[in-house]
1. How many residues are open to solvent by 60 Å² or more (accessible area, probe 1.4 Å) and assigned to a helix (DSSP H, G or I) when one looks only at the range 191-221?
2. Are any of the residues in the range 163-171 of a type in the set (D, E, K, R), open to solvent by 30 Å² or more (accessible area, probe 1.4 Å), closer than 29 Å to Thr103 by Cα and over 36 Å from the mean Cα position of the chain (by Cα)?
3. So, Glu634, is that one at pLDDT below 95, in contact with a Lys or Arg (Cβ under 8 Å, 6 or more places away or on another chain) and surrounded by fewer than 19 Cβ atoms within 10 Å (Cβ to Cβ) or not?
4. So which pairs qualify, if the first residue must be in the range 575-601 and closer than 12 Å to Ala541 by Cα and open to solvent by 10 Å² or more (accessible area, probe 1.4 Å), the second must be assigned to a loop (DSSP other than H, G, I, E, B) and at pLDDT below 80, the Cβ gap must be under 8 Å, and the two must be at least 6 apart or on different chains?
5. Being within 20 Å of Arg388 (Cα to Cα), of a type in the set (Phe, Trp, Tyr) and either at pLDDT 85 or above or not in a helix (DSSP H, G or I) (or both) narrows it down to one of Phe309, Phe350, so name that one.
6. When you look at Ala262, is it part of a helix (DSSP H, G or I), open to solvent by less than 40 Å² (accessible area, probe 1.4 Å) and closer than 19 Å to Gly376 by Cα, yes or no?
7. Can you confirm whether Thr607 is outside any helix (DSSP H, G or I), more than 26 Å from the chain's Cα centre (by Cα) and surrounded by 21 or more Cβ atoms within 10 Å (Cβ to Cβ)?
8. Within the range 604-620, is there a residue that is of a type in the set (Phe, Trp, Tyr), within 23 Å of Ala566 (Cβ to Cβ) and at pLDDT 95 or above?
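The values are calculated or read from the model by the stated rules, or taken from the named source; none is laboratory data. In this text the structure is predicted, and so the values were computed from the model without any measurement. Here the Cβ positions follow ideal geometry from the backbone for every residue, glycine too, while neighbour counts run over all protein chains shown. Only protein heavy atoms, including side chains, enter the accessible area calculation; ligands, DNA and RNA are left aside. Shrake-Rupley method; radii C 1.70, N 1.55, O 1.52, S 1.80 Å.
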Amino acid sequence: MTEETPAQEPPDTGTDDAPASEEDGTRPAPPLTERIEQERKERRLRSEIIEVGRNWYGGSSYRLDRGGTLYGAGRDIVQYFGSEELPVQIYPILTQEFDEIRTRLIETPSQRELLARLANVPVVLLRGDPHTGRWTAALHALVQQGLNCNHLVVKDPKKVRPDDLREGNGYVLRVDDGAWLRRPGAVLDQLSAVARKSGAMIVAIVPNDCAVTKSVVTHEPPTAAEVIRRWLVHLAPGIEEELEAVGDALNEHVAGCRPWEAVDTARQLADGLRRGRSLSSMIADLPYTALAKLSDYLKETDSALSRHFLISSAVLYGLPEAIVSDAALSLAQRIRQDEQRESAEEDRGFPVWEQLSQWIAHPGLDAAEAARGGEGQRIEVRPGMADRLLTTVWKQVPVIRPGLYDWLAELVGDDDWRVRLKAAHAVGKLATCDFQVIDDRFFTPWSKEKGRAKVLAWALESAALADPDVAALVRDRLKGWTTGTYLQRLSAALAYGSTVGIRHIGEALDALHTVAAAAVRLETCDGVAHSVAEVYTSDTASTVLREVARWAIGEHVGERLTAALAFVRLATAEQEEESYPPLWRHDRVRDLAQFWINALDWGLSTTRGDTHFHAYTPSAWILMATWAERAASEPAVDVVIGEVLARTTKRLRPAWTFHLHLWHKRRSITAAQFARYIRLLKEG
């Protein structure tokens, strides 16, 4: 059976086409309850990976953190906006952002030069490297001019017109792409004319290689130590005396800290102080010195295998030592083969008697005993190094890259899903070093290969989380895949079920609907449903439910099955994860009723002739039993069930009658509920 071959669906859904199971149409998919449980395990590990990178000394959970509206992770203070793509968009800057800039900006010579330029011309270009504070410097300069500040978002700067801007307003325009390279002088002249005519000012943030030479200020960021001190004073009031005492140690241990990392470091230190950590001990644990000296360690270490163990730990940290060690030996074997091809040297084998203590000698590694016996040691990485160690190795030791790629490709095919997930996240991190290289080696090939959709989604999430510029490249890929081949559509659907989809919820739901409406495989519908559950947060709940309610009565069978699978996931999650907004609190009762009718319908099996078709969402009836029991004490739930019964279909009536009698006999519902529900069922 090909991927285009339909199976059957319940009789009164109006068509004979229903998605078949799995890619080849022959293997039955695991039960939905098992799939949901596996997704929960994967979500938990993804959460741990993200938190290790973002919260060095503990912090908020993934689901609580991921719905936020301020994007940055220690880079410039940049407000996140939605996914709508109009030619020109204007967003006022938040008061919170102004307050942070006023109190925490460190003035540099380039800041003073920027102010002087704005006193004479309406448009100034601020040139510099990404994530070095250009945005913050630009906003501060406009504030000092007494202007109301806004974020000007345009794809093409030439599209800005005088009517788009307002007199007495300042605008920050980010142009970190090729738009300036074609006719930079003409674009600057046009923007200047527009600004003069409207009575506004613009600071355009441009890359270092911008070819414009007039009205340009080269941004000079403050030192990392200066930034950390300034932020800590505001984040941890009363820290001044202790900060002064550790001043020399701070200067030493932030050597190698890049400008955009300094704010994040200050936040991590402040978080550790709130949790009782001493400032001196945290500074001693900072990763920058160890990373800066990594190349020396790789050259000077006496242990032949400790280098490979370090790289393996950078990918698989948190997993049992035996897994990390096996992977390290596999990497060593690959690199040894590459060395032998280059030198024709005879293979002398590995040093057999090297001890684990030698491998963990690097100051960034540690081995912790598991909480329970029989689980072995866990390999841990020093706080702050987890997100940086692998990329640092990639940058400093280019000769091992081919072997590293082959090794990571091997790991994403491992039998252990934890190894696959960790390896996929590592691939995503490498995309921040050179997106095109990793796209050509991993992302694009995986989008065409069966069985790679999930690891590709994990890798893309990792890449997008690591860098906002890379996130834009990821979204471009996903938009193309949404209407691509079957495997690309599946990959896009799964990838949108992450922070990528949450931060661009409109774009994500449009893409997921496009994939669901064309689905002819259960795997595709299930993938979309999984992503719907992943992007359902307290901030997106209403938007998600309104959109997916349309799918439940959609024209295409893929829409309706996807809506059923998604609803069962959401109804299951609200019982087991407190962070999920309860479905019954949704104020659109008719939407919830339609969700239930659709899910319960797909929860019944059917027979046509000699052919029996299994139920796709049988657990919907178990979940409804829970709701019916809750309805005795929760009026909002009772209202929804009443609406479901009043609007139920002929196909569902026998099943409803059976289940109501069963629940009454088991005393899951009261006698009064039973009588009322039976009456509503008969009257409907």
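1. 2
2. In the first step, residues of the range 163-171 are kept if they are of a type in the set (D, E, K, R); the result is 163-164, 166-167.
Still in the list and also open to solvent by 30 Å² or more (accessible area, probe 1.4 Å): 163-164, 166-167.
Subsequent filtering for residues that are closer than 29 Å to Thr103 by Cα retains 166-167.
If we keep only those that are over 36 Å from the mean Cα position of the chain (by Cα) too, we end up with 167.
The answer is yes; a qualifying residue exists.
3. Values: at pLDDT below 95: yes; in contact with a Lys or Arg (Cβ under 8 Å, 6 or more places away or on another chain): no; surrounded by fewer than 19 Cβ atoms within 10 Å (Cβ to Cβ): yes.
When the stated conditions are applied, Glu634 does not pass them.
4. Pairs found: Ser579/Ser61.
5. Numbers: Phe350 fails: within 20 Å of Arg388 (Cα to Cα).
Residue meeting the stated conditions: Phe309.
6. no
7. Working: outside any helix (DSSP H, G or I): yes; more than 26 Å from the chain's Cα centre (by Cα): yes; surrounded by 21 or more Cβ atoms within 10 Å (Cβ to Cβ): no.
No: the conditions fail for Thr607.
8. Kept after step one, since they are of a type in the set (Phe, Trp, Tyr), are these residues of the range 604-620: 613, 616.
Retained after the next criterion (residues that are within 23 Å of Ala566 (Cβ to Cβ)): 613, 616.
So of that shortlist, the ones also at pLDDT 95 or above come out as none.
Within the range 604-620 (the criterion being of a type in the set (Phe, Trp, Tyr), within 23 Å of Ala566 (Cβ to Cβ) and at pLDDT 95 or above), the answer is no, since none of the residues qualifies.
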